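The values are calculated or read from the model by the stated rules, or taken from the named source; none is laboratory data. This is a predicted model, so every value here is computed, not measured. Neighbour counts run over all protein chains shown; Cβ positions are idealised from the backbone, glycine included. Surface accessibility is based on the protein's heavy atoms, side chains included, excluding ligands, DNA and RNA. Shrake-Rupley method; radii C 1.70, N 1.55, O 1.52, S 1.80 Å.
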Amino acid sequence: DSINAEYGGLVVVSPPSEKPFDTRETHITRKHKMDIKINQEDLTTDGMDVEDDSNPTFTPLKPGELNGGAMQTSSIRIPNNRLTPLKENWMDIYTPIVQHMKLQIRFNTNTRCIELRTSEATNDVGALQKAVDFVRAFSLGFQLQDAIALLRLEDIYIETFSIEDVKATLQGDHLSRAIGRITGKDGKTKFTIENTTKTRLVIAGKKISILGSFKNIQIARDAICSLILGAPPGKVYAKLKTISSKLLSLIHI
């Protein structure tokens, strides 16, 4: 109720009394919040087409669509000692590249390079790189039957290194003895490394090239480096035999 007080002809009206404000808040429990969220998710969208844009789909690009539609080219220089084998095996190199990989190939007699190029019929994006590895393997000295595995299989690589990369101080007769330890008598050591590690080796002067899978190349490279550094062949054979037995046991598991 208002309280009126009169002071000197003035009437002072006091503000009406207010009830104390209720500071208690209504709390919604976690369970009620979850119920509200579930009820909102249960709302049906009858008659509405809802598209899920979380996983967009893109069609794969064709080789002709890469690089703005420009043709991809590559060239591989052929050393002089491989020109005669290239002439003798030209059709065996030409056929898989053109018919299976759908690429264009030619030999430039001025630059002595094999030039490769994609075409409109090329379907595989990695066809050009596979063909480059195939021709490069042939130019390094690998047999054509071994090099063609680069076109047919996926995880096949080539690694090339020099004997001087392992031990730079080898010169003259010491270098010749290192090469002899790698090849062995009548190529026995070389064949043992190839058969044990399922790889192929080419030794051309100071250069050593290995063709195979990544893990097998690593095993063969370690064995070759041990021979270059002067390890006895018998010790290397024993180590290769142990590694090959472990690999076979892993395959049969």
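Figures for the structure shown
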| quantity | calculated |
| --- | --- |
| Environment charge of residue 175, counting only residues whose C-beta is closer than 14 Å and scoring Lys/Arg +1, Asp/Glu -1 | +2 |
| Share of carbon and sulfur in the accessible heavy-atom surface of segment 143-253 [1.4 Å probe, %] | 56 percent |
| Listed residue pairs exceeding 23 Å between alpha carbons, taken from 198/246; 102/207; 167/207; 167/198; 167/190 | 102/207; 167/198 |
| Packing-based order for 209-221, 92-104, using average beta carbon neighbours within 10 Å, highest first | 209-221, 92-104 |
| Where labels lie 7 Å past Cα in the beta-carbon direction, separation of residue 99 and residue 81 in nm | 3.2 nm |
| For segment 131-145, Karplus couplings with θ = phi - 60° (6.51, -1.76, 1.60), whole Hz, Gly/Pro x | 5, 4, 5, 5, 5, 5, 5, 5, 5, 6, x, 6, 5, 4, 5 |
| Rg/Rg_ref, segment 92-204, where Rg_ref = 2.2 N^0.38 Å and atoms are Cα | 1.32 |
| Label-to-label distance, nm, for residues given as residue 71 and residue 58 (7 Å Cα→Cβ offset) | 2.7 nm |
